[in-house]
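*Asks:* What follows is a structure written as structure tokens; I'll ask about it next.
Every number here is computed from the coordinates shown, using simple stated rules; none is lab data. Quick caveat, the model's predicted, so the values are computed rather than measured. With ideal geometry, Cβ positions are generated from the backbone for all residues, glycine too; neighbour counts draw on all protein chains shown.
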Amino acid sequence: MAEHGSPPADEIDLALRHLSHRLPEEFARALLPEVRHIEKCAWVESQLTARQRRIDRGLFVVADGEPRIEHVEWQLRWEPELPFRMYEYHCLQALALHDTVPRRGRVARVRSTVVLLSGREARYPSRGRYRTAPRAEPFSGLRFRIEAPYQATVGELAGRQSALWLAFAPLAVDASASAMTAVLKHLQTQHSARQFEEIAVTMAVLAEADGRHRRLSQTIASQLPKELVMQSEFLKKFRQEGWEVGRQEGRQQGRQEGRQEGRQEGRQEGRQEGRQEGQEASLRFAIVTALETRGLRLTARRKAALDAECRIEVLETWFRRALTVSRVADVFAG
């Protein structure tokens, strides 16, 4: 879903999921600006037993005395099949919740929201819907909320009084370098160092997805410690560096083996092995740095397991986990 030059959609989704899970009350406040009191707020995980399918976690909120589940989907842009997907996810969430409630117990109501990060300039309506009943019949299906923070101004985002919503500032209509500086200074005075770091890193990731191509990620990065910037650029930076190192080492090794053995196979194998080794090294370094940046360190046993792993797909999985886990053991689980 990402445009050329933008971070992959799964990287954006990962950053937003991580931040919303770290700051659930900030997330609830952004979704429910009209409520007066949020008494309880926690992420709940459920599974649809009949289908053996795990459902995305919903945000359980007790707002003004009313329990509810807020189901949110982050979307880079509107797609024709999106209304059906929202309907499907909403139904699965409701079914899973029903399975977890004792007989005759009260099932919390679910509200679904799609958050659009880019797309058309014309304002989206506040509601979307997916109809299952024939048009001549009363409406049956799903009505869901549409939030498009990229169509809002920085002031409108700030008006939600939620740090999580202010993280969308790089996408705002009037986003600028000076506005980003002001937003970062405000966030830094209002939140702990750890919270500020997580919000700022998410802002850097979102800035890369700015459909208006204003390159505000450079402004954000210039005001952050280097190790934080690395978190938002890991996949792009280290994969690129790994491939480049691999190409260089491969060419060098291939030429050397080719001269020694006088065979074309030596050059080809050298290039392939060099690319593989360079990519492995960059991913291992990314995993260690991601953990250390968040105050987690590998034991000698875990470091040995990391060094021994040569499968790129496994290292990439471990890296994605390293960005969000609270324990080192969870990186290597499974």
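*Asks:* Per residue of the range 15-26, what does 6.51 cos²θ - 1.76 cosθ + 1.60 with θ = phi - 60° give for ³J(HN,Hα)? Whole Hz please, x for Gly and Pro, Karplus curve as stated.
*Replies:* Using θ = phi - 60°, the values come out as 5, 6, 4, 4, 5, 5, 6, 6, 10, x, 5, 5 Hz.
*Asks:* Another question, then. Over the range 109-190, what per residue volume does the convex hull of the Cα atoms give, in whole Å³?
*Replies:* 112 Å³
*Asks:* Looking at the range 110-197, which GluC sites (Glu not before Pro) are in a loop (DSSP not H, G, I, E or B) and have at most 10 other Cβ atoms within 10 Å?
*Replies:* Those satisfying the criteria are Glu121.
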